[in-house]
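Data first, discussion second: the structure below is written as structure tokens.
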Amino acid sequence: MITGTPGTGKTTLARKLARELDADYLSLGKYITKHHLFSLDEKRRTRIVNIPRTSGRIRKFTQPNTRALIVDTHHPELIVPNKLTTIVFILRCQPVILIRRLRRKKWSQDKIRENVMAEILDSCYIAAKSYYADGKLVQLDTSHSTVKHTVETAKRILSGKKVPVLDVNWLSGLEVDERLAKYLGC
């Protein structure tokens, strides 16, 4: 499972990792859209995933003894069963860099602000931690890392090799980063 705030590199990493591992790839967002497993929040102009319906449909992809599956999502909790998940990579990105990435995608200021706050407050990490066992969670900082380096790190971890444990705390950086505080209206 590869999760993280939008703009952290989930799709890029998931596709490349699936190719290199000869695994299947599933974009949960695209699957949800294709099968209309959501409702719309008109005010925020976003989709709200129907977790029970989505989880029920996804279980067929995650049966034991099937080909390895790399799932790309920022909705990991309650959808893919803990017992069928080997590892959850939580991609992280420094907030100022994330702002630049989301601006390049031409996102609205409100959507950028919402997602940067989610990254600062560890939303994806906390959601994953609330559902998956601690030993399955690995944070990877994509702020300055190339895709190739991130893929190689993920492959080392999947093969059982030890890598330095990353403990992200963007919130503590708000005090010293006046640009970010100003952008967020702090």
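Which ones in segment 121-136 are hydrophobic (A, V, I, L, M, F, W, C) and either under 18 Å from Trp170 (Cα atoms) or free of Cβ contacts under 8 Å to residues at least 40 places away in the same chain (or both)?
Leu121, Cys124, Ile126, Ala127, Ala128
Condition test on Lys155, is it surrounded by fewer than 16 Cβ atoms within 10 Å (Cβ to Cβ), within 30 Å of Asp22 (Cβ to Cβ) and not β-branched (Val, Ile, Thr)? Give the derivation first.
Details: surrounded by fewer than 16 Cβ atoms within 10 Å (Cβ to Cβ): yes; within 30 Å of Asp22 (Cβ to Cβ): yes; not β-branched (Val, Ile, Thr): yes.
Against the criterion (surrounded by fewer than 16 Cβ atoms within 10 Å (Cβ to Cβ), within 30 Å of Asp22 (Cβ to Cβ) and not β-branched (Val, Ile, Thr)), Lys155 qualifies.
Which members of segment 78-97 meet the condition of being under 12 Å from Val116 (Cβ atoms) and assigned to a loop (DSSP other than H, G, I, E, B)?
Cys93, Gln94
Scan segment 32-55 residue by residue and report those that are at pLDDT below 85 and closer than 29 Å to Lys155 by Cα.
Selection gives Ser55 alone.
Being at pLDDT below 95, closer than 20 Å to Thr54 by Cβ and among the β-branched types (Val, Ile, Thr) narrows it down to one of Val80, Val116, Val96, so name that one.
Working: Val116 fails: closer than 20 Å to Thr54 by Cβ; Val96 fails: closer than 20 Å to Thr54 by Cβ.
Criteria check complete, one pass: Val80.
Quick one: in segment 124-180, which of the residues that are assigned to a loop (DSSP other than H, G, I, E, B) and among the acidic types (Asp, Glu) is modelled with the highest pLDDT? Spell out how you get there, then give the answer.
Of the residues in segment 124-180, the ones assigned to a loop (DSSP other than H, G, I, E, B) are 132-133, 142-146, 159-169, 174-177.
Going one step further and asking which of them are among the acidic types (Asp, Glu), we end up with 167, 175, 177.
Values: Asp167: 83, Glu175: 63, Asp177: 66.
Per the stated criteria, the residue is Asp167.
Considering each residue of segment 28-45, count those that are over 24 Å from Gly135 (Cα atoms), of a type outside the set (Lys, Arg) and in contact (Cβ under 8 Å) with a residue 12 or more places away in the chain, and give that number.
From segment 28-45, those over 24 Å from Gly135 (Cα atoms) are 29-45; that's our starting set.
The next check asks that each one be of a type outside the set (Lys, Arg); those that pass are 29, 31-33, 35-42.
If we keep only those that are in contact (Cβ under 8 Å) with a residue 12 or more places away in the chain as well, we get 29, 31-33, 35, 37-38.
Qualifying residue count, segment 28-45: 7.
The values are calculated or read from the model by the stated rules, or taken from the named source; none is laboratory data. Remember, predicted model here, so these are calculated numbers, not experimental data. Neighbour counts are summed over all protein chains in view; Cβ atoms, including those assigned to glycine, are modelled from backbone coordinates with ideal geometry.
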